[in-house]
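For reference, the structure is listed below as structure tokens.
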Amino acid sequence: MKVPKLVLLMALTGGVLEAGCVRDERFNPSGCDVQVRGQWFVEGQNPNMMTCQDIALVELAIIDDVETEFWSAPEFTLKCDAATDSNATVIDGGAFLDTLTVTRGRCGGTGAILKDREGPYKYRWRATTSQNFIVDCSPILSQGIVPIDGGTQLLLELLPVDFATGDGGVECPLPDIL
């Protein structure tokens with residue numbers, strides 16, 4: 001009786017009966033090559049405490065090519081009212097995600113956050129309440145990486161998104177894998 005328990009214990013702790021290993025192969029495009037910039041509006045206006053209404057957070061998700069997994073870095077989740085978020089950029093009242101000017105120390109502060117790659121990146125914006133209830137989201141779009149500053153840097157410049165508020169939520173399917 002003691003031998004089967006010992007064998008079971010060794011198997012559970014990774015002992016003698018190791019049959020292989022499982023690797024985490026989730027989609028992760030993080031890197032130190034590409035900066036990201038995008039702008040959001042709410043009901044056609046620059047976001048502020050009044051226009052954001054029930055939108056608390058704005059999030060950018062980078063999506064894999066087969067649209068089954070997504071990646072959203074902490075730098076891609078910002079307060080709707082960008083003036084109250086030290087990680088967002090506000091220019092003339094406009095709210096921007098701009099890793100070139102605001103980073104959280106990634107890659108030595110270069111603003112680069114994605115890997116350089118062949119072909120465009122797929123992405124989707126979404127707006128959520130403080131309880132993470134989805135208020136609105138963009139369709140999945142594709143955008144290519146472009147060189148800037150005479151070709152010395154790379155940028156993923158996203159199309160602006162205009163969120164709607166107070167409509168009771170929308171279908172915004174994205175996989176649950178982070």
Contact order relative to length for the range 29-163, counting C-alpha pairs under 8 Å separated by 6 or more residues, stands in percent at 35 percent
Once Rh is set to the Kirkwood radius over Cα pairs, what Stokes-Einstein translational diffusion coefficient, in µm²/s, holds for the range 29-163 at a temperature of 4 °C and a viscosity of 1.567 mPa s?
86 µm²/s
Report the charge-dipole magnitude of the range 107-147 in Debye, nearest 20, computed about the Cα centre from +1 at each Lys and Arg Cβ and -1 at each Asp and Glu Cβ.
80 debye
Over 19 Å [Cα-Cα, the range 71-145], rounded percent:
45 percent
Between Asn48 and Asp116, 0.36 nm times their residue separation minus their Cα-Cα distance comes to what?
21.1 nm
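Rounding to the nearest 20 debye, state how big the charge dipole of the range 43-178 is about its Cα centre with +1 on each Lys and Arg Cβ and -1 on each Asp and Glu Cβ.
The calculation lands at about 360 debye.
Where a number appears in this text, it was derived from the coordinates with a stated rule and is not lab data. Please read these numbers as outputs of a predicted model, since none were measured by experiment. Quick reminder, even Gly has a Cβ in these numbers, built from the backbone with ideal geometry, and neighbours come from all protein chains shown.
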